[in-house]
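Enquirer: Sharing a structure with you now.
The values are calculated or read from the model by the stated rules, or taken from the named source; none is laboratory data. This is a predicted model, so every value here is computed, not measured. Counting neighbours? That spans all protein chains shown, and the Cβs are built from the backbone with ideal geometry, glycine included.
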Amino acid sequence: MIKKALKALGLLREVAPVQSPAGCTVEASGEDDAGWRPVSQDARRDLSPIDQTRMQELAVNAWERQRLANRLIELPLAFILGDGVRIEVDDEEAQGWLDAWWQDPINRFDLILEKRMRELALFGEQLIPVFVNPINGHVRHGAIDPGRITRVVMDPDNASLPIGVEVGGDGGEVRTYRVILDGEEAELLRVPALALRAGMTAGDCHFWRVNDLLCGARGRSDLVSAIDLCDAYAQLLFGEVERAFALRTVQWDVTLTGATPDQVEERARDIAPPTPNTVRVHNEAETWAPLSPKLESADAATTLRAVRNEVLGGSTLPEHWYGGGGDVNRATAAEMDEPTYVVFRRRQLFWQAILEAEARHVLRERLRSLGRDWRVEFARPEMKLRAVFPTMKAADVTRLSQALGQIVAACAAAISQGLMTDETALRLIVSIADKMGVEIDAEAELEAAREAARARKEADAFRPPAPDPEGEQGQPGGGQAQP
């Protein structure tokens, strides 16, 4: 009744029923995404952009602050570079172009190459913008911090080929560079990749990666698996230093026989620890006793060595290369070094391929500026590029010389018996010469040796025979007349 009366007076209004929230998930049809793929499609092959940047920051921090991590980068670098690197080509004009590129005041490969190798090992990737003089084709290189890379664009038809690199700027803008290909892009790429590269307007670049997967887009640092253990090793070392300081501290225990609490407090206010070379005099009511801490800590040398060897072994560095002789003698040390040199040589060959690819780009741009076909020029043997790196370890000349003499004698015997061809014999000889640091082209050397043999044979054919001493004096009329 009250509700009807209030409603009749207009004091009660109908309230609309509250609707409970409801909804459902609708799957996208995919029509708007046709021809596109998610940026994170290769997440299972690469770190996330945040993790990639964090990895690079931690690697640099470990290299700067931890001696063990520093050696993991610097030791291979020293062996790979050695006395220096040079780029060679037999064509004199092309060599002049390469020298101008190598010694350019901006490029300065004699100073920059070491830093480039270090950063590739630390960051796992390197982005080199390239600037070409439109008049003469001279090439200069720059540098972009890999931490600014936001995405690597891969060929839609080839997940192993990067064709572009997106770089974020300080103001939030994103620029995309075209990755330089070792040839004409129209011949190497299909239409989808060419369409993507048409929108990359920031310029051209070289992009190199290490420790990556075939279908991955980003590289990884050489320290990525060692950072935590290097940090643990540093903490163990600092803990041992603190333990050593604690063991050297001394605490004095003073016993007051028959003293009341008030007397103990009064004596505590007046007492002071004895200074060195002093004498304390007291009666039998006061006893002094030095106390040394007994931490009962196990010998940490075993733990330190285990952690250190885990890091060094993972990087294929023998223990005696990091100040720990262990149980190594001269014979075993030589055997332990061999895997290390093989691993270093693999990285050296990788850098050799990088420098030769960059040098080919330099020659292509020079030839294009002159209107010459680089394909025809590169087909000439004189245009074959060589990135020459130093030998990483000193050869045992005595042992190799003995082996060379034995191989030469064996090859000569096999050839004379018809059991081996000249080509195979020379390849065996070249294999030993290569270990001695002497590079020989087996085919060219064999042809030159045969040509020299023919020249000697022709010279001998036209040479008059030497006079016979016996004929001059032993035959009738050959000597002086007898009286």
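Enquirer: Can you tell me which of (1) more than 19 Å from L181 (Cβ to Cβ); (2) not in a loop (DSSP other than H, G, I, E, B) is the one F350 doesn't meet?
Expert: Result: F350 passes all but (1).
Enquirer: Continuing with this model, one more query. Do we find that V174 is in contact with an Asp or Glu (Cβ under 7 Å, 6 or more places away or on another chain) and over 19 Å from V362 (Cα atoms) in this structure?
Expert: When the stated conditions are applied, V174 passes them.
Enquirer: Assess whether P146 counts as being touching a helix residue (DSSP H, G or I) at 6+ places or on another chain (Cβ under 7 Å), crowded, with 16+ Cβ neighbours inside 10 Å and modelled with pLDDT of 90 or more.
Expert: Here the answer is yes, as P146 does meet what is asked.
Enquirer: Let me ask something additional. Please go through the stretch 71-111 and pick out each residue that is under 18 Å from V139 (Cβ atoms) and of a type in the set (A, V, I, L, M).
Expert: V85, I87, V89, A94, L98, A100, I106, L111
Enquirer: Quick one: how many residues across the stretch 72-121 are among the acidic types (D, E), surrounded by 15 or more Cβ atoms within 10 Å (Cβ to Cβ) and touching a helix residue (DSSP H, G or I) at 6+ places or on another chain (Cβ under 7 Å)?
Expert: Final tally of qualifying residues: 2.
Enquirer: Here is a follow-up. For the stretch 385-444, give me the residue count where each residue is within 20 Å of G84 (Cβ to Cβ) and modelled with pLDDT of 85 or more.
Expert: 6
Enquirer: Answer yes if at least one residue in the stretch 365-377 is in a helix (DSSP H, G or I), assigned by TED's automatic domain parsing to the domain that holds V179 and touching a strand residue (DSSP E or B) at 6+ places or on another chain (Cβ under 7 Å), and no otherwise.
Expert: For the stretch 365-377, residues in a helix (DSSP H, G or I), assigned by TED's automatic domain parsing to the domain that holds V179 and touching a strand residue (DSSP E or B) at 6+ places or on another chain (Cβ under 7 Å): present.
Enquirer: Check A244 against each of (1) part of a loop (DSSP other than H, G, I, E, B); (2) exposed (fewer than 12 other Cβ atoms within 10 Å of the Cβ) and name the one condition it does not meet.
Expert: (1)
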